[in-house]
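I have placed the structure first, in the form of structure tokens, so that the comments after it can refer back to it.
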Amino acid sequence: MSSAEFLSALSNLIGTRYVLQARQDIEPFCLDMRSRYLGQPLAVALPGTRAEVAELARLAQRFCVPLVPQGGNTSTCGAATPDASGRALVVGLRRLDRTIEVDAANNSMTLEAGVTLARAQQIAEEADRLFPLSLASEGSCQIGGNLATNAGGLAVLRYGTMRDLALGLEVVLPDGRVLNQLSGLRKDTSGLDLKHLFIGSEGQLGLITAATLKLFPRPRARATALVGVADAQTAIDWLGALRDRFADRLTTFEMMSADCLTLLRDYQGDKVPFIAPWTLLIELSDSDGQQALESALVEWLAEREMVDGVIAQSEGERLALWQLREDMSETQKRRGPSIKHDIGVPSSAIPAFLAQAGLALEQAFPGCSIMAFGHAGDGNLHYNVSFTRPRNADLFDDEERVNRIVYDVVYRLNGTLAAEHGIGQLKTHWLEAYKDPLALSLMRSLKTVLDPNGLMNPGKWLSGE
Ligand SMILES: Cc1cc2nc3c(=O)[nH]c(=O)nc-3n(C[C@H](O)[C@H](O)[C@H](O)COP(=O)(O)OP(=O)(O)OC[C@H]3O[C@@H](n4cnc5c(N)ncnc54)[C@H](O)[C@@H]3O)c2cc1C
């Protein structure tokens with residue numbers, strides 16, 4: 001059976017205009033966010049309903065065509081990019097963008113998988129609720145992609161990752177059967193909870209077509225501070241003390257090194273209020289009591305030794321403080337390339353990680369520059385390494401050595417090499433090197449059960465190629 005026959009059957013199924021084949025039409029789906037991977041698909045399909053996705057999967061089985069699910073294509077590790085064989089069909093989910101149900105009384109909403117994260121937040125807000133997942137890519141990334149990567153973000157400390165926020169999923173399996181587990185239940189002891197198989201599976205086990213997600217009361221009070229501390233250990237001590245004092249009201253605890261703030265100041269001047277050895281962005285939120293919350297934070301900070309600090313006095317000031325943290329990745333990109341890591345360690349081990357990895361890198365690459373920043377409240381740091389020119393010209397020649405040094409320290413401290421961005425194509429061989437072989441082998445056995453012909457997102461880490 002030929003590709004032409006497949007494409008013709010596909011066009012009959014979803015409509016010719018939704019089967020993209022012209023080079024200029026498929027280009028945006030072929031290149032990953034960081035321009036590291038360029039694929040060549042057979043075509044791009046944009047099905048409009050769950051029934052079309054299911055029929056499409058059946059057709060792909062019949063013609064043995066690999067499928068690459070794609071949401072907003074914001075993956076930073078090439079997870080949604082097809083290989084260069086010209087055989088795979090990219091399945092874009094963007095037309096599945098309907099709201100199925102908002103059940104404010106149950107604090108849940110059910111959305112199709114192609115709804116963007118920003119739209120999901122808006123839908124929640126329209127029902128006077130909060131959907132708390134928040135990422136810098138929220139205008140483009142989709143609920144399906146967030147689930148498939150188990151996305152986290154700026155409020156994981158308080159609300160958890162997508163795994164914690166999903167109540168139920170609807171998934172089209174590789175053979176076209178539909179697993180409907182859409183449910184607003186918070187408790188269900190009737191067997192294994194299969195949704196967890198698909199969360200974090202990076203499109204290798206099936207196509208997520210809808211999800212029921214948790215909602216929360218909207219916070220009506222917020223207190224936000226940007227504070228400088230003398231060292232990383234003080235930062236982590238503060239994290240513990242803030243949790244003791246404010247419990248769940250501590251929503252955000254971000255950490256940035258002095259080099260990060262110096263870089264930001266190079267581009268933004270006085271918008272960066274101070275440079276301290278470590279700068280913390282702390283936010284408390286509550287359902288009411290703005291004045292009391294602000295006073296409590298001011299009082300708590302006054303009792304501590306801080307190098308410097310600013311407390312937001314208005315919504316505008318709050319957003320300006322947040323902007324500094326959100327601008328970090330983009331500003332670093334303007335400065336030049338770096339070898340990036342999204343590592344995670346227990347938050348108590350962050351000072352040890354910074355000390356040990358910093359020392360080992362300095363010994364191997366004297367004078368190297370390290371930008372460390374991220375969601376310290378959940379142990380997840382962006383740890384980006386570069387060299388001064390002219391050495392940085394061939395930066396990626398040293399990538400394997402740099403990664404090995406960083407990941408050795410991470411695993412000594414019981415951490416992970418992928419706390420945020422997943423594995424995709426970028427880290428497959430590192431997963432092989434560091435993941436428990438039994439865990440990896442069990443994951444691949446599950447893949448064989450669900451996708452015996454290996455047609456879902458091939459060439460990524462589950463296929464073991
Ligand atoms: C500026 C920026 C900031 C970011 N910040 C964060 C952050 O703070 N936290 C974080 O976790 N990530 C972050 N990311 C990474 C990225 O945005 C997330 O991984 C996001 O969740 C991916 O969603 P997407 O719709 O773009 O998925 P895509 O990139 O399209 O796909 C990602 C993976 O999911 C699969 N997939 C997509 N849709 C489906 C579906 N419906 N069914 C099955 N599989 C599917 C794909 O096959 C692929 O394997 C950031 C990225 C950028 C560019």
**Item:** Crossing angle, helix 350-364 versus the chain [Cα axis fit, 0-90 degrees, rounded to tens]
**Value:** 80 degrees
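Largest first and in whole Å, what are the equivalent-ellipsoid semi-axes of the chain based on the Cα gyration tensor, each being the root of 5 times an eigenvalue? Display every interim value, and only then the final one.
Details: eigenvalues 297, 151, 78 Å².
Gyration-tensor ellipsoid for the chain: 39, 27, 20 Å.
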**Asked** How large is ³J(HN,Hα) for each residue in region 28-35, as worked out from phi by the Karplus curve 6.51 cos²θ - 1.76 cosθ + 1.60 (θ = phi - 60°), to whole Hz, x for Gly and Pro?
**Response** x, 8, 9, 10, 7, 3, 9, 6
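Going through region 250-349, which chymotrypsin sites (Phe, Trp or Tyr not before Pro) have at most 15 other Cβ atoms within 10 Å and a DSSP loop state? Write out the running numbers ahead of the final one.
On the way: sites: 253, 267, 274, 278, 300, 322; in loops: 274.
The qualifying sites are 274.
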**Prompt:** residue 418's amide H: which non-local residues (gap 5+, or another chain) put their own amide H closer than 5 Å, with H modeled 1.01 Å from N in plane and none for Pro or chain starts?
**Reply:** 344
**Request:** Mind pulling the angle between the C-alpha long axis of helix 437-450 and the longest principal axis of the chain? Nearest 10 degrees, somewhere in 0 to 90.
**Result:** 40 degrees
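Compute, for the chain, the length of the dipole vector about the Cα centre, with Cβ point charges of +1 (Lys, Arg) and -1 (Asp, Glu) only. Units Debye, rounded to 20. Can you show the working numbers first?
Working: 45 positive and 56 negative charges, 212 e Å.
In debye, rounded to 20, the chain gives about 1020.
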**Item:** Degrees, to the nearest 10: 315-326 long Cα axis against longest axis of the chain
**Value:** 70 degrees
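Between the DSSP loop rule and a limit of at most 13 other Cβ atoms within 10 Å, which trypsin sites (Lys or Arg not before Pro) in region 145-206 are left? If you can, show how the numbers build up before the last one.
Numbers: sites: 158, 163, 177, 186, 187, 195; in loops: 177, 186, 187.
Hits after loop and neighbour filter: 177, 186, 187.
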**Message:** Could you work out what % of the accessible surface of the chain is carbon and sulfur, using a 1.4 angstrom probe and leaving DNA, RNA and ligands out of the count?
**Reply:** 50 percent
**Request:** Between the alpha-carbon centers of region 300-326 and region 191-269, tell me the distance in whole angstrom.
**Result:** 16 Å
**Fill in**
By the C-alpha gyration tensor axes a ≥ b ≥ c (rounded if a/c is under 1.5, else prolate when a/b exceeds b/c, else oblate), the shape of region 38-135 is oblate
**Request:** Please state, to two decimals, what the Cα-based radius of gyration of region 359-454 comes to when divided by 2.2 N^0.38 Å (N = residues).
**Result:** 1.30
**Asked** In square angstrom, what is the accessible area per residue of the chain with a 1.4 angstrom probe?
**Response** 43 Å²
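Could you work out [θ]222 nm for the chain from helices alone, using -39500 (n - 2.57) per DSSP H run of at least four and dividing by all its residues? Round to the nearest 500 deg cm²/dmol.
Numbers: 17 runs with 171 residues, N = 465.
About -11000 deg cm²/dmol.
The values are calculated or read from the model by the stated rules, or taken from the named source; none is laboratory data. Every value quoted in this text rests on a predicted model; they were computed, and no experiment measured them. Neighbour counts are summed over all protein chains in view; Cβ atoms, including those assigned to glycine, are modelled from backbone coordinates with ideal geometry. Only protein heavy atoms, including side chains, enter the accessible area calculation; ligands, DNA and RNA are left aside. Shrake-Rupley method; radii C 1.70, N 1.55, O 1.52, S 1.80 Å.
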